[in-house]
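The values are calculated or read from the model by the stated rules, or taken from the named source; none is laboratory data. Just so it is clear, the model here is predicted, and its values are computed rather than measured. All Cβ positions, glycine included, derive from the backbone under ideal geometry; neighbour counts span all protein chains shown.
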Amino acid sequence: MNTQPVPAPTTKTALASKKFILVAEDDIFYANIYKVKLTKEGFDVLVVGNGEWVLRSARKRKPDLILLDLVMPIKDGFETLKELKADPTLADIRVVVLSNLGQEEDMQKAKAMGAADYLVKTNISIQEVVGKIKHYLTT
C-alpha cells in the first residue's frame, strides 16, 4: 500500500482554479471592503473605479462575475451594462448590480438590460453579497 502524501496543488494551479470577480466601485470605502472580503473568501478580485475600466479589464481577462455600481465617473453602470451585453465575447458574464440607487425603475431597467440581480448596498451585508456571488457562480 502506497502511503505517500498527495502533493498540495501548486500556487499556479490554485490561482487557475480561483473564480475571478471584477468589482466596479468608485467609492474607496466600499472598494476596500469588497476587495478584502472577497479575497478572504478565495476569489481573485480586481477593483476598478469606472465603467471604461470595467470594459477594458473584462476584455483583457474575462471575469466569472462582475459586481457593478451604477453611479461612477466617465461611464456609468447603465452604459457599461449596455456595452457588456452588446459585446458577444462578454455578453454571457453574470452581472450583479450593487448600487445605492434603490428606486424600482432603476432595478427594473438594470434587469431588463441583462443584470442577473440588483442589490442595494445599504440594504445588504457584505456576507449576503458573498452568498449571492457564490450562488450565481454555481448556477
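Could you tell me whether segment 99-111 includes any residue that is at pLDDT 95 or above, closer than 15 Å to ASP69 by Cβ, touching a Lys or Arg at 6+ places or on another chain (Cβ under 8 Å) and not acidic (Asp, Glu)?
no
Condition check ((1) in contact with a strand residue (DSSP E or B) (Cβ under 9 Å, 6 or more places away or on another chain); (2) under 23 Å from ILE33 (Cα atoms)) across all residues:
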{"site": "LEU84", "(1), (2)": "yes, no"}
{"site": "ASP87", "(1), (2)": "no, no"}
{"site": "ARG94", "(1), (2)": "yes, yes"}
{"site": "ASN100", "(1), (2)": "yes, yes"}
{"site": "TYR118", "(1), (2)": "yes, yes"}
{"site": "LYS134", "(1), (2)": "no, yes"}
{"site": "LEU137", "(1), (2)": "yes, yes"}
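Residues LYS40, LYS19, LYS62: which one is charged (D, E, K, R), closer than 25 Å to ASN123 by Cβ, at pLDDT 90 or above and surrounded by 13 or more Cβ atoms within 10 Å (Cβ to Cβ)?
LYS19
Can LEU119 be described as surrounded by fewer than 16 Cβ atoms within 10 Å (Cβ to Cβ), in contact with a Lys or Arg (Cβ under 9 Å, 6 or more places away or on another chain) and closer than 22 Å to LEU84 by Cα? Spell out how you get there, then give the answer.
Working: surrounded by fewer than 16 Cβ atoms within 10 Å (Cβ to Cβ): no; in contact with a Lys or Arg (Cβ under 9 Å, 6 or more places away or on another chain): yes; closer than 22 Å to LEU84 by Cα: yes.
Against the criterion (surrounded by fewer than 16 Cβ atoms within 10 Å (Cβ to Cβ), in contact with a Lys or Arg (Cβ under 9 Å, 6 or more places away or on another chain) and closer than 22 Å to LEU84 by Cα), LEU119 does not qualify.
Would you check if LYS109 is charged (D, E, K, R) and within 20 Å of LYS134 (Cα to Cα)? Write out each step before concluding.
Details: charged (D, E, K, R): yes; within 20 Å of LYS134 (Cα to Cα): no.
Against the criterion (charged (D, E, K, R) and within 20 Å of LYS134 (Cα to Cα)), LYS109 does not qualify.
I'd like the full set of residues that are free of Cβ contacts under 8 Å to residues at least 24 places away in the same chain and aliphatic (A, V, I, L, M), limited to segment 101-123.
The answer is MET107, ALA112, ALA116, LEU119, VAL120.
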